[in-house]
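In what follows, a structure is listed as structure tokens, so that the remarks can point back to it.
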Amino acid sequence: MFVHYSKYHLFFFVLLLIAAVFNLVIGSVHIPVSDVLAILSDNFVGKTSWEYIILEYRLPKLVIACLVGMSLSVAGMMMQTLFQNPMAEPYILGVSSGASLGVAICILGQSLFSLSIKDYFTGNFAIIIFALAGSIATMLIILTVSQRIKQIATLLIVGLMFSSFTSAFVNVLAYFSTAEELKRFTFWNLGSLGNISWQQIGFIAPLLLGTIGASFLLNKSLNTLLMGENYAKSIGINLKKTKFIIILVTCMLVAVCTAFVGPIAFVGLAVPHITRMIYKTTNHFQLFTGNIILGALILVLCDIICQLPGEQFILPINAVTSILGAPLVIYLILRNR
């Protein structure tokens, strides 16, 4: 059985490597595969502009695509098990809505602040800070609420209500904002894997990889939760503590991803479904690895699709994940009826 799943892991990992190389090759400037490999191995003798494009733009974009795909997929898997609901996703707790509110205040709410501090509200760094602040504030609210409720389904309603509240607040800010501010906010909402520097990856990668590593330790508890809460209690699982840690880990993954690349739709919802369909198991130790590899693979493939229109246009990543993800989830739900 272990060898059976290892073959799946190996097969999709090889696909991920192929997709990664293709992702580095395509773009507004076509760079041959041999030159890409030479640049990566530090044996390239040619245009310095190609070297710059690969090392300073495409490679960081590829790395962040893998990290975000892995993070959202693992977070989605944990949420679907925690809520015992196949439609649960990483954003269901409202953390991304908190990030949206933070960015809306940064971009759309500048008129609320005096001219002396408006300068601090410009630039990508300010957007990241506000998104992170909104995500963390929401995460703290959700964690506090989770300690006061007995039914986990109540947390679902709290998350939905918080999302509704932030959406209304953002709409008010949008009503009084200028066309230029609305345009900037819309671009952020569409998500973007580009414009991430190595310095930012140096901050993001340890956070996400450390949190994903922590989530691996929850696989045994997730397997137990599938058997029902009564069974979990009977074997000595501390349900309150376990649920709190699952929510904390999920919020951390979503908060960091949303702050740096914007909300990326459907990856956290669709990839856990795809993984279960392919692996045909409910064992979270196997699903965890499957979600890691498939999450990275699917987001890299979506990024490749974004660049297919050619030299003049790059499609927004959130539009591609939604266009591909929504029909796929509907198909999977109908197939499993």
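The values are calculated or read from the model by the stated rules, or taken from the named source; none is laboratory data. It should be emphasised that the depicted structure is a prediction, and the values quoted were computed from it without experimental measurement. Here the Cβ is made from the backbone with ideal geometry for all residues, glycine too, and neighbour counts use every protein chain on show. Please note that ligands, DNA and RNA were not included when accessible areas were found on the heavy atoms of the full protein model with its side chains. Shrake-Rupley method; radii C 1.70, N 1.55, O 1.52, S 1.80 Å.
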- prompt: Here are several values of Cα extents along the principal axes in Å: (1) 65, 59, 36; (2) 64, 48, 45; (3) 59, 45, 45. Which one was derived from the coordinates shown?
  reply: (1)
Highest to lowest packing among 137-144, 36-43, 247-254, scored as the average C-beta count within 10 Å: 247-254, 137-144, 36-43
Assigned charges on the beta-carbon of Lys, Arg, Asp, Glu; the chain dipole about Cα centre (debye): 1280
message: Contact order normalised by length for the chain, with contacts defined as Cα pairs under 8 Å and 6 or more residues apart; what percent is it?
response: 31
statement: Per the charge dipole of the chain (beta-carbon charges, Lys/Arg positive, Asp/Glu negative, Cα centre), the residue among 182, 145, 129 reaching farthest to the positive end is 145
message: At 222 nm, what value in deg cm²/dmol follows for the chain if DSSP H runs of at least 4 each add -39500 (n - 2.57) and the sum is divided by all its residues, to the nearest 500?
response: -24000 deg cm²/dmol
task: Would you calculate the separation in nanometres between label points at residue 167 and residue 313, each defined as 7 Å from the Cα along the Cα-to-beta-carbon direction?
output: 2.7
Solvent-accessible area per residue for the chain (1.4 angstrom probe, square angstrom): 49
Estimated vicinal HN-Hα couplings, Hz - the range 95-110 in sequence order (Karplus 6.51, -1.76, 1.60; Gly, Pro = x): 5, 5, 5, x, 5, 4, 5, x, 5, 4, 5, 5, 8, 8, x, 4
task: Just need the relative contact order of the range 45-183 here, percent rounded to a whole number, with Cα pairs under 8 Å and 6+ apart.
output: 29
- line: Carbon/sulfur accessible area of the chain, % of total, 1.4 Å probe, equals 68
- request: Would you kindly derive the ³J(HN,Hα) couplings of the range 154-163 from the backbone phi angles with the Karplus curve 6.51 cos²θ - 1.76 cosθ + 1.60 (θ = phi - 60°), listing them in order in whole Hz, with x for Gly and Pro?
  value: 4, 5, 4, 5, 4, x, 5, 5, 5, 4
- line: Rounded to the nearest Å, the spacing of the alpha-carbon centers of the range 217-278 and the range 1-64 is 30
